[in-house]
Amino acid sequence: MSKVEIVGPRKLLGETLSLVRKKGNLHIEPSAVGFVDDIHKPVVHALLPDEKSLFEKIFLEEFETKMNNLFACLPDEIIRESFLAPRPIIDTVSRTLDRHLALCRSLCEKRDALQQDLLDLSRYKSFLATVSTLLDKIQLTPDLDYIGITLKNEKSVDVLRDSLNCLDDASCELLTVPSEDGTLVGLIAATKDISATIRSLLSQKQMPEFTFPESIKNMTFVRKVEYLQKKIQESEAALQAVDAELAEFTKRWGPMYKAALDWVREQLSVIQASAFSFETTMCFFIYGWMPAEKVASLSASLQKNFAGSVVLEEIAIHTEDLERIPVVLQNPQYFKPFENFTRLLPLPSYTSFDPTPFIGLFFPLFFGLILGDAGYGLIILILSILTRRVARENHLFQDAISILKVCSLYAIIFGILYGEFFGDFGHTMLGMKPLFIDRRKSIIPMLYFAMAIGLAHVTLGLAMGFVSALRRHTKKEAMVKLLNIIFIFLIVGLIITFIGFFPELLMRPLIISILVLCPLLLFSGGLLAPLELLKNIGNIISYARIMAIGLTSVLLANVANQLSGLTGDIILGLIVGGIIHLIGITIGVFSSSIHSLRLHYVEFFDKFIELGGRKYRPFSSNQKKESTINLSGTDNKQHKKLKGTPSQS
């Protein structure tokens, strides 16, 4: 990340900010600390807006609010680009905006009212559509009364029929037909003298009559049905007419208002950015950060557009600037999906390391070590390939599938090394043999192997912490990290000597070395240094979960195979085994992912990552108004000796 200063005549500030916004690479620094030396501090001061700028800002904000309200009324359609330049037509737009806004608001209110009417009538729509078929089956006469009901199932129909047959003067008929939502719509045609009795009976049986709006309660049943059907048709037609009118308005006026809105937002963004600029009596100053490889392009654009009147200059980065340098995660394509795991944490500081490459390397490795079944890995690989096309627009889902695909390959590789294909199925049916280790039988060697991985991973973290501390010139912290590495290897050597792998002659030198280094550890790290050492040893032991979780996975797969064989039936055995293996795959994916992440977040990252970095937010036309100015960034060629080579850039 380069530290830059842009200088030019005060009258060119707005045009300069517009150009910077279009380039979209400069993270504007709202403070002059670190940019202006003590000699020039009395001369350079924050730019204060004049009365004209304040009135312009108020006008543009009101204008933007009105246009936002206008577009809120319009349908979501792709609006073509306008061929008119926004600035010359802004006065015309301001004269027509109020009239068009009032028109669109009235149309929106009408549309909302119609939608509400249709929503209120929607509960009648299914009933009306169903009962209309029943009205055709009965003879409509003035002497009959009609009662509409909704029944849950056929059992309710039988109960109702029995109740109606119990009436002394059962001069009635019940017809039912299934509706679209799965319920049954019933229509009772009865003489008017017993209709009240039937309604009372329905209430007793908790089968209430279908209710209609209060406004049409005095109409006959048939008239109610006809009225509501006509009302729904009229509302739908009116709603289509309103939508068509809004669509036509959008097609005709949308491009002009969209161009005007984009221009207004740009002007407001420039005005907002000018508040973070500085000035003297003659010049303006813009301070900020940008990627080193983009500096030449912006400098050339300024030279071309302003004929040398506005210049960009790189400023040397000092040690006290390191905490202010913005940070952005920038990794090769393979590691991009793993940045989602990094974003679960606060950004690392500029002098720290980007943890993404380490997650990209070790997460799939730990996943494969834990799951370690070639059959399971093959199933996961096939599913990840098939599901990748399902949600192409969902980038988070795509990243998850990419990670899962890599992890499945590691699971296949370690499954071959372990000799596992759906548990012991590969051994018994396909003749697979372990090429590396048999997890079912070699539990202790597998435990040693997991601990060795933990030793390598934790000491790598401590080594990187040592390098990070040297960058920050915190020598005591660097000494503590180095002593922790030495102590861990001495203790491991001592344990191996006790077991008998090393000669006993090495035991005394190892113990003496530990005793000699203890005061140095206390001097450099204080009284808490031994506790930190014990925590690091505990972290290494925690990697035993690779063995334990992996063992449960293979045992569950073997149980699936055994239960499948005990069924005595091929089809039933495949079903039982398939279900248990599916459960095993699901549990294996989640447990392998969770524990692999835990080994990174808890046991590994705290050894070297310093959190608290500022996010790189360039002043860009691609950002919304409220986020155009903010802080954060990466890589500086001028500062490689001081900064080292962290992955964020």
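The values are calculated or read from the model by the stated rules, or taken from the named source; none is laboratory data. Keep in mind it's a predicted model, so treat the numbers as computed, not measured. Cβ: placed from backbone, ideal geometry, glycine included. Neighbour counts: every protein chain shown.
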Subject >> Hits in segment 185-217 (condition: β-branched (Val, Ile, Thr), part of a helix (DSSP H, G or I) and modelled with pLDDT of 75 or more) >> reply: Ile194, Thr197, Ile198
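Matching residues to (1) of a type in the set (Asp, Glu); (2) at pLDDT 90 or above; (3) surrounded by fewer than 17 Cβ atoms within 10 Å (Cβ to Cβ):
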| position | (1), (2), (3) |
| --- | --- |
| Ala529 | no, no, no |
| Leu533 | no, yes, no |
| Ser542 | no, yes, no |
| Leu555 | no, yes, yes |
| Ile579 | no, yes, yes |
| Ser591 | no, yes, no |
| Arg598 | no, yes, yes |
Subject >> Matching helices (runs of 4 or more DSSP H) fully within segment 492-591 where at least 3 residues are closer than 22 Å to Gly426 by Cβ >> reply: 545-566
**OP:** Check whether at least one residue in segment 468-487 is of a type in the set (Val, Ile, Thr), on the phi < 0 side of the Ramachandran plot, surrounded by fewer than 18 Cβ atoms within 10 Å (Cβ to Cβ) and modelled with pLDDT under 90, and report yes or no.
**Re:** yes
Original post:
Which condition number in (1) free of Cβ contacts under 8 Å to residues at least 40 places away in the same chain; (2) in contact with a Gly (Cβ under 9 Å, 6 or more places away or on another chain) is the one that Gly568 fails?
Top reply: (2)
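Conditions tested, residue by residue: (1) surrounded by 14 or more Cβ atoms within 10 Å (Cβ to Cβ); (2) of a type in the set (Val, Ile, Thr); (3) farther than 28 Å from Thr474 by Cα.
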{"residue": "Phe284", "(1), (2), (3)": "yes, no, yes"}
{"residue": "Pro291", "(1), (2), (3)": "yes, no, no"}
{"residue": "Ser297", "(1), (2), (3)": "no, no, yes"}
{"residue": "Asn305", "(1), (2), (3)": "yes, no, yes"}
{"residue": "Tyr334", "(1), (2), (3)": "no, no, yes"}
{"residue": "Pro337", "(1), (2), (3)": "yes, no, yes"}
**OP:** Kindly provide the set of residues from segment 421-436 that are surrounded by 18 or more Cβ atoms within 10 Å (Cβ to Cβ) and either among the hydrophobic types (A, V, I, L, M, F, W, C) or closer than 25 Å to Phe501 by Cβ (or both), ordered by number.
**Re:** Phe421, Phe422, Phe425, Met432
Original post:
Going by the conditions given, is Ile495 under 30 Å from Tyr601 (Cα atoms) and in contact with a helix residue (DSSP H, G or I) (Cβ under 9 Å, 6 or more places away or on another chain)?
Top reply: no
Original post:
Is at least one residue of segment 613-621 closer than 30 Å to Pro357 by Cβ, polar (S, T, N, Q) and at pLDDT below 90?
Top reply: yes
Original post:
Which condition number in (1) part of a helix (DSSP H, G or I); (2) within 30 Å of Gly419 (Cα to Cα) is the one that Arg440 fails?
Top reply: (1)
Original post:
Does segment 567-577 hold any residues that are surrounded by fewer than 19 Cβ atoms within 10 Å (Cβ to Cβ) and under 37 Å from the mean Cα position of the chain (by Cα), and which are they?
Top reply: Ile575, Val576
Subject >> Every pair of residues 6+ apart whose Cβ atoms lie under 7 Å, when the first sits in segment 415-437 and is closer than 20 Å to Ala560 by Cβ while the second is surrounded by 14 or more Cβ atoms within 10 Å (Cβ to Cβ) and basic (Lys, Arg) >> reply: Tyr418/Arg439
Original post:
Taking the condition β-branched (Val, Ile, Thr), touching a residue at least 40 places away in the same chain (Cβ under 8 Å) and crowded, with 16+ Cβ neighbours inside 10 Å, does Ile453 pass?
Top reply: yes
**OP:** Sort out which residues of segment 335-357 are of a type in the set (S, T, N, Q), under 24 Å from Ala469 (Cα atoms), touching a residue at least 40 places away in the same chain (Cβ under 8 Å) and part of a helix (DSSP H, G or I), and write them in order of number.
**Re:** Thr356
**OP:** Would you confirm whether any residue within segment 379-396 is assigned to a helix (DSSP H, G or I), more than 30 Å from the chain's Cα centre (by Cα) and not polar (S, T, N, Q)?
**Re:** no
